[in-house]
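Here is the structure we will look at, set down as structure tokens.
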Amino acid sequence: MSSDLQQLYQQIILEHAKARHGDGLALVPFGARLGESHQLNPTCGDEITLRAVLDGSTVEGISWEGQGCSISMASASVLTDLMAGLPDGQALKLVGEFREVMRSRGSIEADEEVLGDAAAFSGVARYPARVKCAMLAWVALEEAVQAANRTASG
Amino acid sequence: MPVVSTPVSLRHAAGPMDDAEVERIRNDFPILNQQVNGHPLVYLDSGATSQNPLSVIEAEQEFYEQRNSAVHRGAHTLAVAATEVYEQARETVAEFVNVRPEEIVWTSNATEALNLLAYAFSNASLGRGGAAAERFALKPGDEILVTEMEHHANLIPWQELAFRTGAALRYIPVDDDGTLRIEESERLISGRTKVLSFSHASNVLGTINPVDVLTAMARRHGALVVLDACQSVPHLPVDLEALDVDFAVFSGHKMLGPTGIGVLYGRSELLNALPPFLTGGSMITTVSMEKAEYLPAPQRFEAGTQRISQAMALDAAVNYLKETGMDRVHAWERELGQRLVEGLEQISGIRVLGPRAGVERIGLAAFDVDGVHSHDVGQFLDDQGIAVRVGHHCAQPLHRRLGLVSTTRASTYLYNTTADVDAFLDAVAGVRPFFGVQQ
């Protein structure tokens, strides 16, 4: 197999695809602010339901359940680790940065300092058909945080 | 007569096809001669879209260089030349499936052909077409019967027709191995059944359904029979008259032809009683400000400027298939299909959908790789230049029935060698080790 393929399926991605941190929807503590989002990629059937629990403006925890390819599942797992404990504004900013890398067709290298393990997904950007797989959980988190904040203000 | 080059590989070879003949055939398909990701292309996605021989590509070019104009109107020479090839194509296709030219309606593809039928039935249900169209009318209490293995194209138009008319949609279930439960269909079909629509060959399972049994059943209850022939007409000899179905559909791009053209076949007396779906120019006799009278079939279903270059190219595609011989194509693909299944069954963690090795199937196989999503399988194979289809293959209900969300499908055609199948099998054997799910 080619180095391109190894670049796409980095070891860290294959490990997260199996470990699936955050897999299994967590019960919501009484009084916690919850945002939930369901995302579906109709071209391949990949699907995720993601819950974000917020305490004040902090993303307390993320849990999810879904099915899909190794890229989409690993991406959800990495996201769970990366986002826990971050202020919601910072979490949304990281989603934006990840999206920018994914849409760059490989021209923007992810900053590992900022995106941590999610930088391993840089190789996905060169496969336009797979970008949606990598983005699935991130779009779900974005929506979930916004939903939680609407609950708070409403 | 159109000036279209003869395929370089001119065959008429006696006896069964073999790899040497396929190598000659491949020279007629320019697209196959390329490297993908540093490997020779192994194209195993013909069930979705087949490739075009040079004669098809040249026919479309010849149309635009020599004949481009509208058909069935205009007195000038080009209009006559365009009409000539447009109608010649209808004759070629009609002869290919053994029906009359006026029973062949051009559509964009098989999906549009099925929608045309469903909407024409809708119009009949609203009283359009008068007494002659009553047999197409549906109302609450009536039923439409399909099967659990249908492609979405042969499911959703009927769902929508049911919603519009109040009729009920029912389906013949499949067994765990993907065969139709014929004994169940006896129970499901009745005098309420107005339409029975089913696929001739499954695009996922590769099974060939018993058209004779199902058609006889429908006849006993007076139901109209619609055959989805998308995976049969390109791959096996199909005689629609002998099959005795009322309507049939297939797509040009799955049979070496261009995209943008498909076929609705209907028995003449039915097509001429069926109210039109798309209306406008070229399908009328007299028009007043209040109403219009319609031409007989096929023109009554071909409103507006038509897909003329595509018809000419499809003509060339059918000629290519005829020269090769559909019985020979069928036999070769049956061999490839068995080689696929036999090979896949040897690889650990692979579950092949549909009939097991040794049981009749067309030249395709869909399979699940335990622990690896089909999208990842497809990516891994593409890295080695192997093109397959991944996902639900437009058959979500069937996948759900078999307990799966998505699968990988390899589908062959007359230009695939046994070496293509072997390269594919070798690559599949590497999937689980690469993704680290091998026990």
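Proximity of backbone amide H atoms, modeled 1.01 Å from N, is registered between residue A:59 and A:85, A:86, A:88 at under 5 Å, excluding neighbours fewer than 5 places apart on the same chain. The modelled label-to-label distance for the pair residue B:396/residue B:159, using points 7 Å beyond Cα in the direction of Cβ, is 0.6 nm. In chain B, helices alone account for a calculated mean residue ellipticity at 222 nm of -11000 deg cm²/dmol, with every DSSP H run of four or more residues adding -39,500 (n - 2.57).
Only counting other Cβ atoms within 10 Å, I'd like B:158, A:64 sorted with the fewest neighbours first. Mind showing how you got there, number by number?
Working: B:158 23, A:64 29.
With the sparsest Cβ surroundings first, the list reads B:158, A:64.
Each label was represented as a point 7 Å from its Cα along the Cα-to-Cβ direction; for residue A:32 and residue B:169 these points are 4.0 nm apart.
Here's the list of aspartates and glutamates a cross-link from residue B:139 could span, going by alpha-carbon distance under 20 Å and ignoring same-chain residues fewer than 8 apart: B:160. At q = 0.08 Å⁻¹ the log10 of I(q)/I(0) for chain A amounts to -0.20, computed by Debye summation with a single uniform scatterer per C-alpha, solvent ignored. With the simple model of a label 7 Å out from the Cα in the direction of the Cβ, residue A:109 to residue B:356 spans 5.4 nm. As a rough footprinting exposure proxy, the listed residues B:289, B:17 were ranked by other beta carbons within 10 Å of their own, and the order from fewest upward is B:289, B:17.
The base-10 log of I(q)/I(0) for the protein assembly as shown, evaluated at q = 0.05 Å⁻¹, reads -0.26 [Debye formula, identical scatterers on Cα atoms, solvent excluded].
When chain B is treated as a Gaussian network with alpha carbon springs shorter than 10 Å, the biggest mean-square fluctuation among B:148, B:87, B:23 belongs to B:23. Nearest 0.05, what FRET efficiency do residue B:65 and residue B:305 give at R0 = 22 Å with Cβ-Cβ as r? With a Förster radius of 22 Å, E is 0.70. The residue B:24 and residue B:426 beta-carbon pair, evaluated with R₀ = 30 Å, returns a calculated FRET efficiency of approximately 0.75.
What full-extension length gain, to one decimal in nm, is calculated for residue B:152 and residue B:79 as 0.36 nm per residue of separation minus the Cα-Cα distance?
Here the segment from residue B:152 to residue B:79 would lengthen by 22.5 nm.
About its Cα centre, the dipole of the protein assembly as shown is roughly 1360 debye, where the only charges are +1 on Lys and Arg Cβ and -1 on Asp and Glu Cβ.
Ordered by the number of other Cβ atoms lying within 10 Å of each residue's own Cβ, fewest first, A:18, B:139, A:132, B:194 fall into the sequence B:139, A:18, A:132, B:194. How would you classify region B:381-439 from its alpha-carbon gyration tensor, with a ≥ b ≥ c the square roots of the eigenvalues: rounded for a/c under 1.5, else prolate if a/b is greater than b/c, otherwise oblate? In terms of gyration-tensor shape, oblate. Straight-distance candidates among the lysines for linking to residue B:254, with alpha-carbon spacing under 17 Å and chain neighbours fewer than 8 residues away dropped: B:322.
Beta-bridge orientation, the protein assembly as shown: approximately 70 percent antiparallel, per DSSP, counting only bridges with both partners inside.
Dimensions of chain B from C-alpha coordinates, computed as largest minus smallest value along each principal axis and given longest first, are 73, 55, 36 Å. Region B:189-226 and region B:385-439 have their alpha-carbon centroids 29 Å apart. The simple Förster model, with R0 at 45 Å and r as the Cβ-Cβ distance, assigns residue A:99 and residue B:322 a FRET efficiency of 0.30.
For the residues B:270, B:243, B:44, a GNM of chain B with alpha-carbon springs under 10 Å puts the largest fluctuation on B:243.
No value in this document is a laboratory result; all are computed from the given coordinates. All of these numbers come straight from a predicted model, not from anything done at the bench. Virtual Cβ from ideal backbone geometry, glycine too; neighbours counted across all protein chains shown.
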